[in-house]
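Engineer: Got a structure for you, written out below as structure tokens; questions coming shortly.
What follows is calculated from the coordinates using simple rules that are stated; it is not laboratory data. Because the structure is predicted, anything quoted here is derived from the model rather than measured. Positions of Cβ are backbone-derived with ideal geometry, glycine not excepted, and every protein chain shown enters the neighbour counts.
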Amino acid sequence: MRKGLRTAAIAVTLTLGVTGCAWWGERSRTTKGAVYGTGASAATGAAVGAVLGGGEGAWKGAAVGAAIGGLSGTAVGYYLDKQKNEMQEVLARQDRVERDGETMRVALASDTLFDSGSATLQPGAQDKLREVARVFMRYPRTRLEIVGHTDDRGSEASNQALSDRRAAAVRTALTTEGVEAARITVRGEGETRPVATNSTPEGRAQNRRVEILSRPDEDLAAEGKDDARGTPPPAPSEEPH
């Protein structure tokens, strides 16, 4: 640990030690979420698991983060941002990931996954989906919706069927790599939701895609609502002492 980071950690540990467990127990979920949220981002990537898992490791990571970067954000927002940032690291240039509120949208280029007109994964596509699956497995408190899309070449019926099969193929790949099937739903949109013109090869390539939408599960979404209201959470099973 660098000298500055070690000094900050010691300073905050001393401060929290003086205020004690009573102070921590009186904090709202919003405050705790902000502490958890800044802890790992200001400390190290290795602390992410401890922060999300709670307990003493989360408290220590939060202390360091608060000293260095100040308190900002909530636990839910931090959770979603970390997932998005990790996903960006494993995607290729032609893929896209963006966060819109509590939805993270991962758009995978179909041309890198499938041959034209096929729903069979190309060699190498499984490697990409393995990395995608690993990110989702690190964030189990999200639900996934896989949506297939096509360009407008071919009949509407054939495009609908192709988008269904491609979405199902991606689901199979993710579950094979360990993502729980219960977290995933699938559907195809065929050619009905283009994101670019179908008049150019470049536009059609953008429209041929499989999207994975990641949203908080019911429990995480409820925590986000409590954060917004400043509602104190139920007493947790583990608190720092």
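Engineer: Placing unit charges on C-beta atoms (Lys and Arg positive, Asp and Glu negative, everything else neutral), compute the dipole magnitude of region 79-220 about its Cα centre in debye, rounded to 20.
Structural biologist: 180 debye
Engineer: Now for a separate question. So for region 87-169, Kirkwood radius off the Cα pairs, Stokes-Einstein at 20 °C and 1.002 mPa s: how many µm² s⁻¹?
Structural biologist: In µm²/s, the coefficient is 154.
Engineer: Let me ask something else about it. Points 7 angstrom from Cα along the Cβ direction at residue 205 and residue 122: gap in nanometres?
Structural biologist: For residue 205 paired with residue 122, the spin-label model returns 1.1 nm.
Engineer: With θ set to phi - 60° and the Karplus curve 6.51 cos²θ - 1.76 cosθ + 1.60, what are the ³J(HN,Hα) couplings of region 117-126 in order, to the nearest whole Hz, using x for Gly and Pro?
Structural biologist: Those phi angles translate into x, 10, 10, 9, 4, 6, x, x, 5, 4 Hz.
Engineer: Moving on to the next point. Going by amide H atoms built from the backbone, whose H comes under 5 Å of the H on residue 121, apart from near neighbours?
Structural biologist: The list, which skips near neighbours in sequence, is empty: none.
Engineer: What is the spin-label model distance, in nm, from residue 165 to residue 222 if the labels are put 7 Å beyond Cα along the C-beta direction?
Structural biologist: 4.2 nm
Engineer: For residue 185, enumerate residues with amide H under 5 Å from its amide H, sequence gap 5+ or separate chain, H modeled in the peptide plane.
Structural biologist: Excluding prolines and chain starts, which carry no amide H, the hits are 144, 145, 146.
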